[in-house]
Amino acid sequence: MKTEKFDVTGMTCSSCVAHVEKSVSKLEGVKAVNVNLLTNSMSVSFDEQNLNVITIENAVVDAGYEAHLRETATNSAASSIQKVDYVQLEQAEMKMRWWISLVFLIPLLYISMGHMIGLPYPHSFHSTENALIVAFTQFLLTLPIVFVNKKYFQVGYKTLFKGAPNMDSLIAIGSSAAIVYGVFAIYRIGYALGHGDMETVRQFSQDLYFESGATILTLITLGKYLEAKSKSRTTDAITRLMDLAPKTATVIRENHELEIPVEQVIVDDVVVVRPGQRVPVDGVVESGNSSLDESALTGESLPVFKEKGDTVLSASINKSGYFTLQATKVGNDTTLAHIIRLVEDASSSKAPISKLADKISAIFVPVVIGISLLSVLVWLLLGYPFDFALSIGIAVLVISCPCALGLATPVAIMVGTGKGAEYGILIKSAESLETAYKIDTVVLDKTGTITEGKPKVTDILIGKSISESQLLEIAAALEKPSEHPLSEAILLEAEDRKLKIQQVDNFQAIPGQGIEASIDGVNYLAGNLKLMTDREIILHDFPQLSDKLADEGKTPLFIARGKEILGIIAVADILKPTSKEAIEQFEAMGLEVVMLTGDHAKTAAAIQAQLGISSFVAEVLPQDKDKVIANLQASGKTVAMVGDGINDAPALMRSNLGIAIGAGADIAIESADVVLMRSDLLDAVTTLKLSKAVMVNIKQNLFWAFFYNIIGIPLAAGVFYAALGWKLNPMFAAAAMSFSSVTVVLNALRLLRFKPIVSGSSKTNQLKSNIKQPINTDKIMIEKTLQIKGMSCPHCSMRVEKVLNAIEGVEAVVDLESNSAKLKLTHEVSDETIKSAVDAIGYEVVEVA
């Protein structure tokens, strides 16, 4: 089964879409067809054994439109090959048609209607004897307008005769009726002049409908041109993404730097990136370091520091330093290319709600034609003249064009998915957007989603005979030979503090309890409470402190020397800075929040208490996560699952809406409906809020599209004429129809004002609160000095200084030159709190002194 994309030109309404889909789906071997009016595109999945591209294109041509295979080489965001933009070509053609139509319409309106509004008018135009000349002049001015807008007639009558009329059919019938009646009037005037019947001459010279037919074509073309210009704004997000990729890259081959087209870069090439340049491909830093602006991909406004071994993404901007990278993903495999494909696919897909408009459009046009003919017949039977009845029928045809109905859904989806991509939220389909709108339960995986995903030292409790640094040095020395998960956290903390780690002798792992070793001939123990009690260590009040730490979800590690307890080091997988705020936002939206974790229930309860989370399911085996989702769904819940690990993939697929943290495993990302480029739970909140904004916008568009036709058709049919004297001129009907389509597009463009959920909006978020608590100067000031990595400009230092001063009881002054910060504290603030505040804005505290 193969899937190809086509550019389809000539479509003007949802009836066109339905007709193209119907024509292609009839072909043998076609599995699925998806046509998008907004992007004038078509995606077809078909069996290559039974069908080829030429046959598909011919089916579209037979339906009255044109189709062109979209060039696959351009799927790469960095491709230098210029593809034909059929949508832009059609827009340019529409502009030309509008100007030509206007040039001929102005004199036509002047001749036909100038005297009605008091314009200077040649006396000969009033003369009955010259009526034939005036009528024929109007006919000649109408012909160029008909010619440049001949597509309405070509497509309209072709689809009409095939039994699938569309918007063009309505325009073609309406304008043709007006013009044919005008030609008939010319013959009647000529005949009457020849027989001296001046009364008939006066009657038909005043009932020419050339200006109505020409004005209808001109106003419809203007509306379509304005609509096309407005629609082009909805694709701005994709266009901006495509423009991000550099066209060339500098690579090192055979010890020489070569500048080559970016599509010629291959995996494992060494690529040079200088200050101010964009990264051309995904890769790993091989040498050098720099701060990179990844905002175009992740939505994160602050630069991210990268050094040897770090991953960098294509289209990131190198802010300062020089570095080289080894290419890992090139061409269509880069992150940028993947994002563009996701956004394009989502934009061209259909939400279930759009099926309502499609079903209505399939029968709408034939019904309108029937209403138009019935209106003409009724008014003739009521004794009104033919020209009156004809104008009623034309008005019904023109005002009923279902353009607004066809645009109601795709424009909002296009803007919504583009806006999501702008903030690092990749929504894979329109159906995912609609599903997100219906979510009532959010299930959060704990590790890597709510928490950082890697244990860190959170507390160091010391006895009387030792300092924090000394205790950490001993613990690191004992843990260095160990393979226990806690070892890495302790070693990292020791490295951050630049502590010396000694060698140990006689290392022995005690299963289920801890380790034992000697340093400089002195015996040491590191382990749990059971190890300490078994070895009869005198613990004083440390067991009570250990229980308190365990209640907070932390793992306490006892350190003893001989029979003396030295202290406790607590390790925990710490919460992400925005997790609490995100959960508060979810609950403020009326959603039930459930945490999934493999941890012991006691640890889960401690995290629940910290976050105020609704409920949790603890001690869940990886393979059982999807069963929890299934149980929630069985109870009637519509579930969104947020996760990042390989073991989250089944649960992501089982849920109604799978949301993958972008930093997670590839399989989790492939299994999800939404991918978050950043590992920030607030982006999941933004996703749900964006979906609500898009769905509300779609419903507004559908309401106005339906409401417009419900009001417009009866008005055009003359329902209010007998009672109120209201009659809709066909020219005003054309203007109203065009205005309705543009209105729907402009309403969807309001989504461009959507703003993401950013940290700091919650009152409980102390780390990023804009309200600084007053410092009590009566208290003794504690001084600390921080060494901070990642600051590269005054903006960086200002950001760091602001976030530090936002911590209660902290006064901070940041020095960019020395990459340090001087802190004065009115009371004890943990180093972890300070580090978390700085880490949350993209920088790293490497030392606290």
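Listing for the model above:
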| item | result |
| --- | --- |
| Test: residue in the stretch 752-770 that is among the hydrophobic types (A, V, I, L, M, F, W, C), over 32 Å from the mean Cα position of the chain (by Cα) and either at pLDDT below 75 or open to solvent by less than 30 Å² (accessible area, probe 1.4 Å) (or both) | no |
| Of all residues in the stretch 295-312 being modelled with pLDDT of 85 or more and surrounded by 17 or more Cβ atoms within 10 Å (Cβ to Cβ), the one that is farthest from the chain's Cα centre (by Cα) | Lys306 |
| Output for the stretch 16-38, where each listed residue is of a type in the set (S, T, N, Q), modelled with pLDDT under 85 and open to solvent by 10 Å² or more (accessible area, probe 1.4 Å) | Asn34 |
| Options Ser469, Ser432, Ser391; residue that is under 30 Å from Gly521 (Cβ atoms) and either acidic (Asp, Glu) or modelled with pLDDT of 80 or more (or both) | Ser469 |
| Residue that is farthest from Gly64 (Cα to Cα), among those in the stretch 144-196 that are open to solvent by 30 Å² or more (accessible area, probe 1.4 Å) and among the aromatic types (Phe, Trp, Tyr) | Tyr191 |
| Any hit, the stretch 495-505, residues being within 27 Å of Ile607 (Cα to Cα), open to solvent by less than 20 Å² (accessible area, probe 1.4 Å) and either among the aromatic types (Phe, Trp, Tyr) or not in a loop (DSSP other than H, G, I, E, B) (or both) | no |
| The stretch 783-798, subset modelled with pLDDT of 75 or more and surrounded by fewer than 20 Cβ atoms within 10 Å (Cβ to Cβ), residue nearest to Ser290 (Cα to Cα) | Lys789 |
| Failed condition for Gly514, given (1) under 54 Å from the mean Cα position of the chain (by Cα); (2) at negative phi; (3) open to solvent by less than 60 Å² (accessible area, probe 1.4 Å) | (2) |
| Selected residue (criterion: nearest to Ala735 (Cα to Cα)) from residues of the stretch 687-714 that are at pLDDT 85 or above and among the hydrophobic types (A, V, I, L, M, F, W, C) | Ile698 |
| Pair list, Cβ < 7 Å and 6+ apart or interchain, from the stretch 582-594 residues that are on the phi > 0 side of the Ramachandran plot to residues that are surrounded by fewer than 15 Cβ atoms within 10 Å (Cβ to Cβ) | none |
| Top-ranked residue in the stretch 10-41 [being touching a residue at least 12 places away in the same chain (Cβ under 8 Å) and among the hydroxyl-bearing types (Ser, Thr, Tyr); ranked as nearest to Asn52 (Cα to Cα)] | Ser23 |
| Residues satisfying the stated conditions in the stretch 39-67, i.e. open to solvent by 50 Å² or more (accessible area, probe 1.4 Å) and assigned to a strand (DSSP E or B) | Glu66 |
| In the stretch 354-388, the residues that are among the hydrophobic types (A, V, I, L, M, F, W, C), modelled with pLDDT under 70 and open to solvent by less than 30 Å² (accessible area, probe 1.4 Å) | Ala357 |
| Residues that are out of contact with any Gly (no Cβ under 9 Å at 6 or more places or on another chain) and either aliphatic (A, V, I, L, M) or under 24 Å from Ala509 (Cα atoms) (or both), drawn from the stretch 536-546 | Glu536, Ile538, Leu539, Pro543, Leu545, Ser546 |
| Long-range neighbours under 6 Å by Cβ, at least six apart or interchain, first residue closer than 20 Å to Thr458 by Cβ within the stretch 808-829, second basic (Lys, Arg) | Leu823/Lys784 |
| Odd one out for Ala526, checked against (1) modelled with pLDDT under 90; (2) closer than 30 Å to Ala604 by Cβ; (3) of a type in the set (A, V, I, L, M, F, W, C) | (1) |
| Sole residue being within 16 Å of Ile450 (Cα to Cα) and crowded, with 16+ Cβ neighbours inside 10 Å, chosen from Gly527, Gly553 | Gly553 |
| Hits in the stretch 558-591 (condition: part of a strand (DSSP E or B) and either open to solvent by less than 10 Å² (accessible area, probe 1.4 Å) or of a type in the set (Val, Ile, Thr) (or both)) | Phe558, Ile559, Ala560, Ile565, Leu566, Gly567, Ile568, Ile569, Ala570, Val571 |
| The stretch 206-223: number of residues that are at pLDDT 75 or above and within 37 Å of the chain's Cα centre (by Cα) | 6 |
| Test: Asp815 is within 30 Å of Leu690 (Cβ to Cβ), at pLDDT 75 or above and open to solvent by less than 80 Å² (accessible area, probe 1.4 Å) | no |
| Glu254, sole failed condition from (1) in contact with a Leu (Cβ under 8 Å, 6 or more places away or on another chain); (2) at pLDDT below 90 | (1) |
| Filtered residue count, the stretch 530-545, keeping only those that are of a type outside the set (Val, Ile, Thr), in contact with a strand residue (DSSP E or B) (Cβ under 8 Å, 6 or more places away or on another chain) and either loosely packed, with under 14 Cβ neighbours inside 10 Å or within 22 Å of Leu492 (Cα to Cα) (or both) | 1 |
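Every residue, every condition in (1) modelled with pLDDT of 80 or more; (2) crowded, with 24+ Cβ neighbours inside 10 Å; (3) aliphatic (A, V, I, L, M), yes or no:
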site	(1), (2), (3)
Thr603	no, no, no
Phe616	yes, no, no
Asp626	yes, no, no
Ala630	yes, no, yes
Thr638	yes, no, no
Val642	yes, yes, yes
Asn656	yes, no, no
Asp666	no, no, no
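The values are calculated or read from the model by the stated rules, or taken from the named source; none is laboratory data. Here the structure is a predicted model, which is why all the values come from computation and not from measurement. Backbone-built Cβ (ideal geometry, glycine too); neighbour counts: all protein chains shown. When the accessible area is computed, the model is the full protein with side chains, heavy atoms only, and any ligands, DNA or RNA have been set aside. Shrake-Rupley method; radii C 1.70, N 1.55, O 1.52, S 1.80 Å.
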